[in-house]
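Participant: I'd like to ask you about the structure that follows.
Just so it is clear, none of the values below were taken in a lab; they were calculated from the coordinates. The shown structure was predicted, so the numbers you read here are calculated from the model rather than taken from an experiment. In this analysis, Cβ positions are derived from the backbone assuming ideal geometry, glycine residues included, and neighbour counts consider all displayed protein chains.
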Amino acid sequence: MIVRRVVAWADERFGTNALLHTALKKIYPDHWSFYLGEFALYFFMVLVGTGIWLTFAFDAGSQGAYASVVQLASRDHPIGYVIRQIHHWAAVCFVAAILVHMGRIFFTGAFRRPRELNWMIGVTMLALASFTGFTGYSLPNDDLSGTGLRIAYSVALSIPLIGRWAAGVFNGGDDFPGSLLTTHLYTLHVYLLPVMIGALLAAHLGLLIYQKHTQFARDERNVVGRRFWPDYALRTLAALGATLAVLALLATFFEINPVGDYGLYRPWLVMNGAVPDWYAAFLEGALRLGPAAELRIAGHPIPPVFWPGLVLPTVAFVFLLAWPFIEARLTGDRAAHDVLDRPTRVPLRVGVGAALIFEGVLLTLAAGDDQTAATLHVRLETLVWVYRIALLVGPIVVGVVAARLAAEMRARAAGSPAPDVVLLVRNAHGGYDEEEPQAG
Amino acid sequence: MTIALWLALTIAGAIGATVAAAFAAPPSAFAGALAVAFIGLAGAAGAAAIALHAPDDLTEPRSAHGPTYAPPLPDDGRVTRPVFGRMWFAALGAFAVLGLVPVISLARKPGRRADTGWRAGIRLVDENNRPIGREQLSDGGIETVFPAGNVDLPQAPAVLIRDGANYLAFSKVCTHAGCPVALYRHASRQLICPCHQSIFDVEHGAKNVSGPAPRPLPALPLGFDAEGYLIARGDFDAPVGPDDWDRVL
Amino acid sequence: MLILALPVLLAATLVGPSPGADIYAAKCASCHGAQASGSPNGPSLQRVGLADVDFQLTTGRMPAANPGVEVAHRDERAGQQLPLDQIRALEAFLAPVVAGGPPIPQVIVGPNGAHGRDLYASNCMACHAVGGNGGSIGESDWAPALNLATINEVADAIRAGPGQMPRFGAGQLSQSDLDDLAGYVMSLQTLEPGAGGIPLHSTGPVPEGAIGYVAIVILISFVFGFWRTT
């Protein structure tokens with residue numbers, strides 16, 4: 001009753017009934033894999049909500065930052081403790097959800113024309129989410145994240161020509177750590193980066209609504225699926241509930257990022273096993289595997305961290321960004337598509353995707369190469385060389401094998417005989433023998 | 001019916017969480033109650049969706065793709081003078097270059113010939129500003145040291161190692177990415193940086209023998225003053241920490 | 001009766017070797033040499049100090065079954081292989097040989113836990129990691145986890161610097177420093193619940209990331225199962 005009156009009130013003033021009607025009767029294609037993007041969205045919403053709360057608990061001046069976060073980890077502040085735990089778990093899951101969602105988009109070809117821009121927006125949001133996570137967990141100024149910041153500062157410093165300037169923007173111009181570092185991180189993490197993600201997210205969803213969601217093959221010219229109200233709305237509500245439940249369960253059972261144990265950052269202190277959060281681990285692995293060579297151009301050094309720390313992720317990012325156009329050029333398929341591919345339909349895509357996943361996983365594993373070497377009783381130097389060779393040769397092997405497998409699966413799906421056809425052949429004794437029908 | 005059960009779970013969880021918060025229960029009690037509430041919500045919404053038995057093959061038409069419209073500019077709105085057209089772009093370009101100014105002025109380059117704090121005659125001290133005596137370290141011992149009076153300079157920290165009767169000191173700032181080189185394998189006389197596993201050979205001037213570090217750790221020349229405390233006899237013999245473009249050697 | 005017993009007693013002390021010498025000959029000499037000067041299989045014990053001997057024996061690293069194989073990799077107490085009285089006998093026997101190195105230290109749990117934590121951060125954390133979880137120290141070696149060590153083993157290791165571990169003598173860490181630091185290490189072993197109430201402490205970003213992915217898998221299973229049923 002109340003809802004009806006509110007809706008009528010709004011319609012009298014803003015003419016909203018027509019818009020609401022269109023929105024509520026809109027058809028959404030339904031497949032379990034289409035919920036992955038929703039998980040990412042819900043994680044982001046939780047991050048913003050818990051994050052706003054945390055800005056009231058956090059002391060953004062460099063001196064008080066650590067103490068204010070350690071306070072949240074004490075028994076005296078159970079609500080703050082849970083909110084902070086949910087916030088950090090949501091960040092870890094947010095980037096994972098984006099990556100899995102991106103994988104679904106990639107392997108089903110949803111990025112093809114006319115959705116190239118949406119793909120590029122999504123890839124950009126992946127990068128921004130990783131930066132937001134990195135700046136966020138560096139805010140408490142603890143020893144683990146401070147070590148990571150020092151490395152990031154060195155990577156910024158390594159940029160040719162503008163390295164010192166770039167590093168100066170990062171922390172206010174002094175040598176590391178500098179008095180403005182926490183403040184700058186705060187500005188980035190609380191304001192700039194979330195606003196950028198929010199704006200891109202709005203564009204992402206807007207494009208999705210306007211261009212309509214892709215679907216697996218049922219109909220080329222129509223969207224086939226479920227009505228938003230009440231059907232799809234309930235389903236998406238269930239997804240939201242599941243997301244929140246998973247986060248609450250994580251906060252109940254697993255402690256994350258115990259900065260009280262890490263201690264305040266001091267530039268001369270470091271802990272064994274210092275690695276970044278998982279989504280930056282591929283960079284850590286790349287830094288460990290990178291060669292020690294320092295090039296010089298007219299006497300100016302290009303430090304070795306430049307290549308694995310900056311060039312590698314930039315090349316990867318640009319490659320991902322441009323993939324819709326690269327694939328269109330390589331396959332010659334420039335038509336618009338609203339129907340999704342079975343992943344095996346384009347072996348090239350499967351091969352490239354498998355190669356990229358292999359590289360990413362390998363570099364992430366390399367971030368723990370010292371622990372791996374000690375556990376397997378092999379010399380670290382040996383393992384580093386194994387990883388380096390795998391890094392160069394592996395993606396080619398994995399890509400080719402994956403593409404071949406996909407091609408074979410595609411061929412078998414296309415040319416398989418009907419399962420209930422059997423060839424009966426009369427034999428010499430007058431009986432019948434079964435024979436395999438020849439592949440058509 | 002099951003929907004009602006799920007919703008009962010949701011309500012129980014939400015009330016439980018509120019109660020837990022009011023009575024300052026441990027965080028996992030609060031979080032656990034939240035989890036119950038959200039599981040109930042997911043279950044209720046899911047059960048309701050299933051109970052709808054709604055069709056999944058409703059259709060609505062897609063919009064066509066491709067150039068479907070006439071060019072967007074109205075006919076009487078065309079700019080017809082190419083010269084003025086091009087100069088507009090020139091102005092835009094000039095503003096773009098001007099726009100670099102606030103960006104560049106965001107930072108001034110940090111002075112990288114930053115003071116390490118070490119000079120001839122300065123005593124080595126530990127992090128509590130106590131000087132290091134001749135017998136302070138055991139053979140095979142390691143300690144982090146700073147220049148007296150300047151414990152806070154970021155390029156200052158050094159590791160002091162005693163190898164037999166020799167004292168050696170090297171910069172603690174790794175020449176790869178700046179992490180503190182804090183791991184000492186005393187039997188192998190190797191310093192290791194735990195970040196990316198660069199290994200430095202202490203008996204050969206902390207030469208970088210393995211890993212991604214491009215240069216040895218700078219060495220600090222040592223001596224003893226009249227009271228028998230360790231002093232530096234000069235600054236490090238090479239620039240501290242990772243290089244950058246402006247550090248032309 | 002005593003007159004009869006006396007020659008027997010005299011004979012025992014003059015003719016028979018001490019119990020420590022027997023144990024050394026049986027369990028140690030094959031690698032460390034009959035004169036404890038070392039051999040191709042094991043290092044010399046001259047002047048290593050009783051602290052090192054006590055550490056190796058009480059943690060069960062020595063006697064080593066296979067020379068050259070790293071003993072008790074990631075040792076979390078391989079278990080004392082020799083009973084305590086034999087260890088004491090060995091130490092008594094080796095005392096003149098190993099003299100010159102650090103003696104077995106006295107230690108009690110120190111009163112100042114915060115000071116102990118600072119000392120741990122400055123001197124131990126780089127190898128033994130946060131919370132005494134241990135970690136890799138290059139090549140294929142490991143700084144062990146500290147969760148099963150006794151306070152005497154911790155003090156022995158600090159003073160002796162066994163294996164690749166550096167040596168922290170009395171000049172660098174005073175007796176009260178040693179007490180505080182050893183006390184802090186002992187406090188790491190009591191698995192008090194994290195502030196969350198459930199003692200599942202994080203051991204770093206690696207398991208955290210893995211659990212994050214498990215959470216995603218759980219969510220995917222939920223929607224997949226849900227989608228399948230409708």
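Participant: For the stretch B:89-201, what is the convex hull volume of the alpha-carbon atoms per residue, in Å³?
Facilitator: Cα-based convex hull of the stretch B:89-201, divided per residue, equals 147 Å³.
Participant: Can you pull the percent of Cα pairs in the stretch A:30-272 with separation above 25 Å?
Facilitator: 50 percent
Participant: At what distance in nm do the modelled label points of B:HIS53 and C:ALA25 sit from each other, each positioned 7 Å from its Cα along Cα→Cβ?
Facilitator: 9.4 nm
Participant: Let me ask something additional. Could you compute the FRET efficiency for B:ARG86 and C:GLN35, with r as their C-beta to C-beta distance and R0 at 56 Å, rounded to 0.05?
Facilitator: 0.05
Participant: What number in nm² do you get for the stretch C:130-193 if you take the convex hull of its Cα atoms and divide its surface by four?
Facilitator: For the stretch C:130-193, the mean projected area of the Cα convex hull comes to 4.7 nm².
Participant: Still on this structure: Hey, how much of the P(r) for the protein assembly as shown falls beyond 40 Å, as a percent of Cα pairs?
Facilitator: Value for the protein assembly as shown (Cα pairs over 40 Å): 52 percent.
Participant: Once Rh is set to the Kirkwood radius over Cα pairs, what Stokes-Einstein translational diffusion coefficient, in µm²/s, holds for the stretch A:92-193 at a temperature of 20 °C and a viscosity of 1.002 mPa s?
Facilitator: Estimated via Stokes-Einstein, D reaches 140 µm²/s.
Participant: Subtracting the Cα-Cα distance from 0.36 nm times the residue separation, let me have the gained length for A:ARG13 to A:VAL425 in nm, one decimal.
Facilitator: The span from A:ARG13 to A:VAL425 would gain 140.3 nm if fully extended.
Participant: Right, next: First select every other residue whose beta carbon is under 13 angstrom from the beta carbon of A:LYS26; then total the charges, Lys and Arg +1, Asp and Glu -1.
Facilitator: Result for the local shell: +2.
Participant: If R₀ is 30 angstrom, what is the calculated FRET efficiency for the pair B:ARG119 and B:ASP139, using the beta carbon separation as r and rounding to 0.05?
Facilitator: 0.60
Participant: Between B:ALA22 and B:ARG189, 0.36 nm times their residue separation minus their Cα-Cα distance comes to what?
Facilitator: Length gained, B:ALA22 through B:ARG189: 54.3 nm.
Participant: Same structure again: How many nm is it between the label spots at A:ALA67 and A:ARG296, if each spot is 7 Å from the Cα in line with the beta carbon?
Facilitator: 4.8 nm
Participant: Give me the net charge for the shell around B:PRO214: Cβ to Cβ below 13 angstrom, other residues only, Lys and Arg +1, Asp and Glu -1.
Facilitator: Residues near B:PRO214 contribute +1 overall.
Participant: So how far apart, in nm, are the two label points at C:ALA65 and A:ILE396 if each is 7 Å from Cα heading toward Cβ?
Facilitator: Roughly 4.5 nm, to one decimal.
Participant: Something else now. Can you give me the relative contact order of the stretch A:204-326 as a percent, contacts being Cα pairs under 8 Å and 6 or more apart?
Facilitator: Relative CO of the stretch A:204-326 lands at 10 percent.
Participant: Using all alpha carbons of the stretch A:245-383, what is the percent of pairwise distances in each 5 Å bin, ordered from the shortest bin to the longest?
Facilitator: It works out to 2, 7, 11, 13, 14, 14, 14, 11, 7, 5, 3, 1, in whole percents.
Participant: Could you order the peptides B:52-60, A:154-162, A:132-140 from most to least packed, using the average number of other C-beta atoms within 10 Å per residue?
Facilitator: A:132-140, A:154-162, B:52-60
Participant: Related question: Going by how many other Cβ atoms sit within 10 Å of their own, how do C:MET125, A:MET409 line up, fewest first?
Facilitator: If I rank by nearby Cβ atoms, fewest first, I get A:MET409, C:MET125.
Participant: What share of all Cα pairs of the stretch A:143-205, in percent, falls into each consecutive 10 Å distance bin?
Facilitator: Pair shares across the bins are 22, 41, 27, 11, 0.
Participant: Take every Cα pair under 8 Å in the stretch A:251-322 that's 6+ residues apart, average their separations, divide by the length, and report that relative contact order as a whole percent.
Facilitator: Averaging sequence separation for qualifying contacts and normalising by length gives 19 percent for the stretch A:251-322.
Participant: Mean separation of Cα pairs under 8 Å and 6+ residues apart, divided by the residue count of the stretch B:2-49: what relative contact order is that in percent?
Facilitator: 55 percent
Participant: log₁₀ I(q)/I(0) of chain B at q = 0.15, 0.17 Å⁻¹, via Debye over equal Cα point scatterers, no solvent, to two decimals?
Facilitator: -1.01, -1.22
Participant: I would also like to ask the following. Under 18 Å Cα to Cα from A:LYS25, which aspartates and glutamates show up? Leave out anything in the same chain fewer than 8 places away.
Facilitator: By straight Cα distance, A:LYS25 reaches A:ASP11, A:ASP231, B:ASP56, B:ASP57, B:GLU60.
Participant: If you don't mind, another one. Quick one: what are the phi-derived ³J(HN,Hα) couplings along the stretch A:399-413, Karplus 6.51/-1.76/1.60 with θ = phi - 60°, whole Hz, x for glycine and proline?
Facilitator: Result, ordered by residue: x, 5, 4, 5, 5, 4, 4, 4, 4, 5, 5, 5, 5, 5, 5 Hz.
Participant: While we're here: Which value, in nm² and rounded to one decimal, describes the direction-averaged projected area of the C-alpha convex hull of the stretch A:1-132?
Facilitator: 12.9 nm²
Participant: How high is the FRET efficiency from B:LEU249 to A:LEU376, r the C-beta distance, R0 41 Å, rounded to 0.05?
Facilitator: Rounded to the nearest 0.05, the efficiency is 0.55.
Participant: Quick check on the stretch B:139-215: take the gyration tensor over C-alpha atoms, sort the square-rooted eigenvalues as a ≥ b ≥ c, and tell me if it's rounded (a/c under 1.5), prolate or oblate.
Facilitator: Because a/c hits 1.5 or more and a/b fails to exceed b/c, the stretch B:139-215 counts as oblate.
Participant: Taking a cut-off of 29 Å, what percent of all Cα-Cα pairs in chain A are separated by more than that?
Facilitator: Across chain A, Cα pairs with separations above 29 Å total 59 percent.
Participant: Output the direction-averaged projected area (hull surface divided by four) of the convex hull of the alpha-carbon atoms of the stretch B:2-49, in nm².
Facilitator: Hull-based average projected area comes out at 2.6 nm².
Participant: Sum up the charges of everything whose Cβ sits under 12 Å from the Cβ of A:PHE319, counting Lys and Arg as +1 and Asp and Glu as -1, but leave A:PHE319 out.
Facilitator: Charge balance near A:PHE319 sits at -2.
Participant: Distance from the Cα centre of the stretch A:297-373 to that of the stretch A:98-149, in angstrom?
Facilitator: The distance from the Cα centre of the stretch A:297-373 to that of the stretch A:98-149 comes to 14 Å.
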